[in-house]
Every structure is written in C-alpha cells, then in structure tokens.
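Heads up: the structure comes next, in structure tokens.
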Amino acid sequence: MSRIGRKSIEIPSDVKVAVEESMVVVDGPKGKLSQNIPSEVKVVIDDNMIIIQRVADDKKGRSFHGLVRTLIDNMVTGVSSGFTKGLEISGVGYRAELVDDKILRLFVGYSKPVEYAIPEGISIKIDKQVNMVVSGFDKEFVGRVAAQIRSIKKPEPYKGKGIRYAGEKIRRKIGKSAGK
C-alpha cells in the first residue's frame, strides 16, 4: 500500500472541502481549487480529515493512490497558506521591475526590455531589483509561471548570467583558454 496515500489530510478550520462524484472542491481564504478524481480511488471526509481509499487494488489503483492524496494536500495547503517560488537574476546590468503590478519588465541583456504579463492569481514581489518571489495558491501554476520567467533568459554555463531559481546551482564550464 502507498505510504503517502495512507496518510490522512487534516482540514484547517478556515477551509471547506466538498466531494461531488469524481470532483473535489477546496475553498479557502486565498481562493478556490477543484480537481477531478480518477475512478480507481475514492475520497472520504471524516471529522476534519480527508482519507483517500483505493477502489481497485490493481496497478492503476496503487499508482493513483499517492498521487491523488498529494494533489489534494497541495490544494488544501494552497488555499490556506499559499505557495512561493524564488528567482534570482545575476549579471551586470540585469534587473527586474514591476509596472502597475500587472507587467514584469526584465532587463536581461537584450536590446529592449522583455515584458511579461503577470497572470491572474499570481503575485510577484521584487527585492533589490535582482530577487523575485512568485506566489499564489495553486502550486502547479506558481511553478509554471516561475519556469516561464526563467525561460526568458536561462542561466548560461560560462559566466552564470541569467535568471535562476533561488538556491539553484549552475554547473560552470571552463572557457577554451583555460583548457590548455
């Protein structure tokens, strides 16, 4: 049996969880999320706890057991406290700024600044023009937005210039003159 799937999920007092047929809806102070549930598992709510049970004990049932539990746990955590992803900009003259909290303007070595429209449900904070924090209540969406911003100027392996995740280690290469 899945070790993760066996763990029950505690529902905070300010979060409401509803199960309708094959859909779980989680509503909290930060937002509302919903997720389709495969027919191989079933979701039971009992005394402020969410329990995931297998319907079928085949390979599909085992694989969905832990996945569904993790997805629902991320939904409960997201609507109650939210998720954040940090980004760092490195390079001479590289910086970021916010325009009306709707557009992220990046100066990352191109001839013109790159503008990124911030999607609904995501907030970005900039510290010292080189540190960004992407936050929201949907974990998958926060990660996707952070990946899109990083893809504007990925860190290059020779000098390490570009946008990288906070704490990410860039494998550096030796230049051609040092290889002799």
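Please treat every number below as a calculation from the coordinates, not as lab data. Bear in mind that the values here come from a model prediction, so they are computed numbers and not experimental data. A quick note on method: Cβ atoms are made from the backbone with ideal geometry, for glycine too, and the neighbour counts reach across all protein chains shown.
Just to confirm a number: summing +1 for Lys and Arg and -1 for Asp and Glu over residues other than Asn74 whose beta-carbon lies under 9 angstrom from that of Asn74, what do you get? Spelling it out: positives minus negatives among the neighbours equals -2.
The angle between the Cα long axis of helix 59-80 and the main principal axis of the chain comes to about 70°, on a 0 to 90 degree scale. Here the stretch 119-134 and the stretch 1-69 have alpha carbon centers that stand 31 Å from each other. Could you check which residue among Asn36, Asn74, Asn131 shows the biggest mean-square fluctuation in a GNM of the chain with a 10 Å Cα cutoff? Among Asn36, Asn74, Asn131, the largest GNM mean-square fluctuation belongs to Asn36. When the chain is treated as a Gaussian network with alpha carbon springs shorter than 10 Å, the biggest mean-square fluctuation among Gly167, Gly91, Gly143 belongs to Gly167.
Legend: ranking of residues Phe137, Phe83 from fewest to most surrounding C-beta atoms inside 10 Å; resulting order Phe83, Phe137. What relative contact order, as a whole-number percentage, does the chain give when Cα pairs under 8 Å and 6 or more residues apart are counted? Computed over the chain, the figure is 18 percent. This ranking places Val44, Val108, Val114 by how few other beta-carbon atoms lie within 10 Å of each, fewest first, which gives Val44, Val114, Val108.
For the stretch 3-80, the relative contact order works out to 37 percent when only alpha carbon pairs closer than 8 Å and six or more residues apart are counted. Neighbour counts of C-beta atoms inside 10 Å place Val19, Val134 in the sequence Val19, Val134, starting with the fewest. Within the listed set Asp57, Asp46, Asp100, the Gaussian network model of the chain (springs between alpha-carbon atoms below 10 Å) gives the highest mean-square fluctuation for Asp100. Which angle from 0 to 90°, rounded to the nearest 10, does the C-alpha axis of helix 139-152 make with the longest principal axis of the chain? In the chain, helix 139-152 runs at an angle near 20 degrees to the longest axis.
Of all aspartates and glutamates in the structure, the ones whose alpha carbon falls short of 13 Å from that of Lys125, not counting any fewer than 8 places away in one chain, are Glu88, Glu97, Asp100, Asp101.
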